[in-house]
1. Give the calculated FRET efficiency between residue 18 and residue 76 to the nearest 0.05, with a Förster radius of 22 Å applied to their Cβ-Cβ distance.
2. Could you give the angle, 0 to 90 degrees to the nearest 10, between helix 7-19's Cα long axis and the longest principal axis of the Cα atoms of the chain?
3. Can you pull the one-decimal nm distance between simple spin-label points at residue 104 and residue 63, each 7 Å off the Cα toward Cβ?
4. Relative contact order of the range 70-134, please, whole-number percent, based on alpha carbon pairs below 8 angstrom and at least 6 residues apart.
5. Output the 0 to 90 degree angle, nearest 10, between the alpha-carbon long axis of helix 104-114 and the longest principal axis computed from the alpha carbons of the chain.
6. Give the relative contact order (percent, whole number) for the chain; include only Cα pairs under 8 Å separated by 6+ residues.
7. Any idea what angle helix 64-82 forms with the longest principal axis of the chain, computed on alpha-carbon atoms, 0 to 90 degrees, nearest 10?
8. Would you work out the relative contact order for the range 41-89, in percent, from Cα pairs under 8 angstrom that are 6 or more residues apart?
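Please treat every number below as a calculation from the coordinates, not as lab data. Quick caveat, the model's predicted, so the values are computed rather than measured. Cβ placement follows ideal geometry from the backbone for every residue including glycine, while neighbour counts extend to all protein chains displayed.
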């Protein structure tokens, strides 16, 4: 069974982390309620930390406008949950080497960065091949 702290201790922990100088909060939609909880807890302190979140590695059959819409929907959900107008680092979660090599997803992320929704883009990877691809 997965244990989640209640809102009050989670909020206290996040505030204490910022008070002690933590300045990067890393999360992902795959981590359950973390984006929503971080957004609710730290809405008044957004200027004090860098936000990092992720989009899932997309299904292989998503291409073109479908892929763009999927990425934009994921980003919009993260922005709402985190109560912010920008993500400092948006990463492809567990990026597959073929996803990176194909380049379409990266091009979409670059456009989102250039539009100001994202400050930097990246990928989390497993294994040397994926890391080299990124």
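1. Numbers: r = 25 Å, r/R0 = 1.15.
E between residue 18 and residue 76, to the nearest 0.05, is 0.30.
2. 80
3. That separation, rounded to one decimal, is 0.5 nm.
4. Working: 67 pairs, mean separation 26.6, N = 65.
Computed over the range 70-134, the figure is 41 percent.
5. Approximately 50 degrees, to the nearest ten.
6. On the way: 175 pairs, mean separation 30.1, N = 134.
22 percent.
7. So the inclination is approximately 10 degrees.
8. Numbers: 23 pairs, mean separation 29.2, N = 49.
Relative contact order here is 60 percent.
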